[in-house]
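What follows is a short report on a single structure.
A short reminder: the numbers here are calculations on the coordinates, not readings from a lab. Quantities reported herein were computed from a predicted structural model and do not represent experimental measurements. Backbone-built Cβ (ideal geometry, glycine too); neighbour counts: all protein chains shown.
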């Protein structure tokens, strides 16, 4: 039987997982997916992910790639795998792609969304998917600071100290800060879209924007932070639970 390349779009609640990548002794997204896929398609199937989300980070549009020689029709794979997954994970779509498809190298853009809740009482039904930061945020100032991140720049100031990559230049296509609608006045959302991201880059950006929002820095401070190329010049690291990988484009 001919080998097929299958691209999976995956949604998951990351609250109960130690990130994407398989790690001995820890429950991870990749580990649980691998078990479910092998139960259906055989013990040698492996899944490669497009993004290594951190512990606590969720996704609506993570992408994984598997190679199979199974007779299961492609159109049935999403449901068949999902039926073997826990309730906090699902395969949104399964499509066959060419053998030359590169799940990591062919990415053209990714979008992340970060949720902040500013009300005084923590939102117990959504607290696993937001940063509870009680108090007023200057969303307009945050938005002005966010605009200064757009473009091709060296984002070394927003890379974790554990990121050892020498090339820290990335392109941010969009960085917006918006307040929730009429029923969500206490919610603030940060959307970041780029061609690729450094380790903890989005969370460091959000933490820095929050520092602008509380009045620690003016919006124009963002330019100085970028030019410093030094993690200590930027703001705090936002917690992981507010972050969601919305989609990946090819």
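Structure above, values below:
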item: Boolean, residue 207 is in a helix (DSSP H, G or I), out of contact with any strand residue (DSSP E or B) (no Cβ under 7 Å at 6 or more places or on another chain), under 23 Å from residue 18 (Cβ atoms) and free of Cβ contacts under 8 Å to residues at least 60 places away in the same chain; result: yes
item: Residue check for residue 184: free of Cβ contacts under 8 Å to residues at least 12 places away in the same chain and not in a helix (DSSP H, G or I); result: yes
item: Selection count, the stretch 152-181, where residues are part of a loop (DSSP other than H, G, I, E, B), out of contact with any helix residue (DSSP H, G or I) (no Cβ under 9 Å at 6 or more places or on another chain) and farther than 22 Å from residue 129 by Cα; result: 5
item: Odd one out for residue 165, checked against (1) farther than 30 Å from residue 100 by Cβ; (2) touching a residue at least 12 places away in the same chain (Cβ under 8 Å); result: (1)
item: Any hit, the stretch 189-201, residues being more than 19 Å from residue 52 (Cα to Cα) and not in a helix (DSSP H, G or I); result: yes
item: Condition check for residue 219: farther than 18 Å from residue 54 by Cα, assigned to a helix (DSSP H, G or I), in contact with a helix residue (DSSP H, G or I) (Cβ under 6 Å, 6 or more places away or on another chain) and in contact (Cβ under 8 Å) with a residue 24 or more places away in the chain; result: no
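Condition check ((1) farther than 21 Å from residue 17 by Cα; (2) touching a helix residue (DSSP H, G or I) at 6+ places or on another chain (Cβ under 6 Å)) across all residues:
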{"position": "54", "(1), (2)": "no, yes"}
{"position": "64", "(1), (2)": "no, no"}
{"position": "71", "(1), (2)": "yes, no"}
{"position": "81", "(1), (2)": "no, yes"}
{"position": "96", "(1), (2)": "yes, yes"}
{"position": "104", "(1), (2)": "yes, no"}
{"position": "117", "(1), (2)": "yes, no"}
{"position": "120", "(1), (2)": "yes, no"}
{"position": "128", "(1), (2)": "no, yes"}
